[in-house]
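Reviewing the structure listed below.
What follows draws every value from the coordinates through simple rules; no lab data is involved. Please read these numbers as outputs of a predicted model, since none were measured by experiment. Every residue, glycine among them, receives a Cβ derived from its backbone with ideal geometry; neighbour counts consider all protein chains shown.
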């Protein structure tokens with residue numbers, strides 16, 4: 001599916017500090033509808049912080065973020081509006097352990113979107129089928145494997161019909177044999193035309209799926225390019241060093 | 001033995017019964033009572049202590065006890081407990097000075113409460129929603145008119161309330177009102193809004209730093225001094241409010257402990273789905289935090305149940321007070337042991353039921369949280 005000209009997310013001169021520490025430095029980024037972006041970089045480079053700013057899990061002190069026409073200034077007034085349209089998948093899944101899988105999925109549609117329960121459950125089963133675990137609907141998250149939990153988390157976000165999906169290192173907490181099942185779901189999602197921003201170290205995934213790979217270091221966007229050129233012909237020394245560390249072992 | 005000695009093809013070994021010394025009564029005894037020399041000694045010592053205590057207790061409370069009817073201590077001729085006194089004073093112990101011909105109203109109130117609570121707390125009874133609405137919205141109003149009078153029912157002043165009935169009124173209202181208040185205080189103490197946080201901290205720390213006796217004393221003696229002339233609140237109502245606020249401060253800290261155990265990821269997961277502050281807390285955070293806090297909350301409830309005895313100092317005679325005054329009656333001098341034994345059994349049965357129910361609740365709400 002093609003990337004449209006319509007801008008879905010724009011970040012304009014965004015700065016963020018944790019106390020004295022300057023975590024994000026002058027971030028300028030436009031994400032188009034249908035575009036898939038992979039953000040990589042060494043730990044502590046601010047990549048998670050960047051995507052957490054997009055759905056206002058983090059405040060920022062300067063600049064402006066516009067998500068689907070909704071403006072998020074530094075004072076975060078229209079937070080709930082943005083969060084409804086932006087799905088987020090976390091490293092540690094953050095499923096609700098006291099609710100069944102089905103209840104995890106229907107909670108937000110029922111309480112935030114005011115959807116009737118029967119309709120919400122029907123939609124939830126559809127998404128569970130899409131992530132290939134409809135048979136686990138009545139179980140509690142604690143009874144599932146890590147890979148299954150992460151797929152439930154993806155389905156939970158999809159139930160809100162988001163316009164953008166953010167992934168914050170979705171495979172980093174998984175056992176190696178479970179990474180593929182989660183990536184397969186993400187690839188399927190990508191093929192359906194979803195706008196996605198993924199923070200990940202899965203370079204294979206970046207090559208297959210991403211329109212654009214962004215490299216961050218010390219709070220700055222150092223380099224961005226389409227995957228082919230990014231991996232074969234990195235421009236900056238820091239990118240080269242980073243790639244050599246994660247690709248050659 | 002022949003079976004064990006026998007060789008089997010790999011993959012064809014049958015399941016066999018364990019050795020006789022590991023199962024059944026003998027296995028249990030070996031494992032639990034006589035597993036080591038120290039354990040054997042402890043078992044024998046414990047058995048000796050039980051031998052010293054239990055038979056005399058049974059003798060006092062049952063075999064040599066006086067069960068008959070009577071009007072004074074003289075009716076108790078045997079050496080054991082004088083249950084005769086409890087029989088003679090039973091009405092006072094249960095209802096205090098509530099008029100005898102109106103005691104059916106108290107009975108009706110508590111039977112209704114018991115049935116409604118059973119409907120709400122026992123798992124297999126349907127219509128939970130309606131039981132809850134009845135118990136928390138309709139029943140308190142019904143109970144008020146039944147106990148206090150009004151709407152055509154004869155007025156019974158709260159100074160006439162007493163005995164077990166007063167204990168139950170105070171503890172039930174205290175428990176029902178202090179839990180939501182405690183939860184709000186706990187949330188308030190963790191709020192981002194400085195005014196709410198400071199008010200919550202101030203209230204919790206002040207109340208926890210003061211003994212309940214002084215709270216009750218202030219409520220009954222000092223508080224009226226600040227009211228304008230002629231304006232007065234019911235004394236029992238003030239005591240009730242005192243007990244509730246006191247207990248709420250303790251519950252707030254127990255619940256705050258539960259809230260702190262909820263990982264940040266749960267908040268982020270809820271927020272990222274667009275849930276606002278109240279929905280996030282009511283649907284995601286509190287159900288988990290309260291489950292963790294059950295042992296501490298029930299601890300506070302049991303404490304509150306016991307603390308109701310302190311209303312004695314503002315002149316309200318609940319179960320313990322009534323038992324003591326019964327034993328002080330000239331007709332019944334020398335029956336204080338019986339009186340205290342009776343009161344202990346009543347208190348224990350209520351508190352033990354609460355404890356057992358809380359354990360059942362903990363098991364029921366366990367959904368394999370821990371990874």
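In nm, what is the difference between 0.36 nm times the number of residues separating residue B:313 and residue B:111 and their Cα-Cα distance?
Gain in length upon complete extension: 69.8 nm.
Name the shape class, rounded, prolate or oblate, that the alpha-carbon gyration tensor gives for the protein assembly as shown, where a ≥ b ≥ c are the square roots of its eigenvalues, rounded holds for a/c under 1.5, and otherwise prolate holds if a/b is larger than b/c and oblate otherwise.
Prolate, since a/c reaches 1.5 and a/b exceeds b/c.
Express in nm, to one decimal, how much length is gained between residue B:206 and residue B:325 on full extension, taking 0.36 nm for each residue of separation and deducting their alpha carbon distance.
39.4 nm
What is the extension gain from residue A:184 to residue A:59, computed as 0.36 nm multiplied by their sequence separation minus the C-alpha to C-alpha distance, in nm to one decimal?
Going from the current span to full extension adds 41.8 nm.
Can you tell me the orientation of helix A:146-158 relative to chain A, as the angle in degrees between its alpha-carbon axis and the longest Cα principal axis, to the nearest 10?
The answer is roughly 90 degrees.
For peptide B:274-286, how many partner chain Cβ atoms fall within 10 Å of a residue's Cβ, on average?
4
Would you look at the GNM of chain B, springs on alpha carbons closer than 10 Å, and say which of B:222, B:45, B:254 moves the most?
In this elastic network of chain B, the residue with the biggest mean-square fluctuation among B:222, B:45, B:254 is B:45.
Label points 7 Å out from Cα along the Cβ direction at residue B:195 and residue B:74: separation in nm?
7.2
Mind jotting down the distance between the C-alpha centroids of the range B:188-254 and the range B:110-151, whole Å?
Their Cα centres are 27 Å away from one another.
So what is the relative contact order of chain A, in percent, for Cα pairs below 8 Å that sit 6 or more residues apart?
RCO, chain A: 25 percent.
How far apart, in nm, are two points set 7 Å out from the Cα along the Cα-to-Cβ line at residue B:278 and at residue B:103?
4.6
Shielding of A:161-168 by partners, i.e. mean partner chain Cβ atoms within 10 Å per residue?
The mean count of partner-chain Cβ atoms within 10 Å per residue comes to 1.
Does the range B:1-151 come out rounded, prolate or oblate, given a ≥ b ≥ c as the square roots of the eigenvalues of its C-alpha gyration tensor, rounded meaning a/c under 1.5 and, failing that, prolate meaning a/b above b/c?
oblate
Please give the Cα centre distance for the range A:218-249 versus the range B:298-371, rounded to the nearest Å.
That distance is 71 Å.
Taking only C-alpha pairs under 8 Å that are 6+ residues apart, what is the relative contact order of the range B:1-160 in percent?
11
Across peptide A:151-157, how many C-beta atoms of other chains are within 10 Å of each residue C-beta, on average?
Shielding by partners across A:151-157 averages 1.
Tell me whether the range B:81-166 comes out rounded, prolate or oblate; compute the Cα gyration tensor, take square roots of the eigenvalues as a ≥ b ≥ c, and use a/c under 1.5 as the rounded threshold.
oblate
Compute the distance from the alpha-carbon center of the range A:19-89 to that of the range A:161-200, in whole Å.
Distance between centres, Cα-based: 18 Å.
With springs only between Cα atoms under 10 Å apart, run a GNM on chain B and tell me which of B:32, B:66, B:276 wobbles the most.
B:32
How far is it, in nm, from the label point at residue A:13 to the one at residue B:128 when both lie 7 Å from their Cα along the line to the Cβ?
5.5
Mind telling me which of A:138, A:163, A:33 comes out most flexible in a GNM of chain A, alpha-carbon contacts under 10 Å?
Evaluated over chain A, the most mobile residue of the options is A:138.
With the convex hull built on the Cα atoms of the range A:74-124, state its orientation-averaged projected area in nm².
4.7
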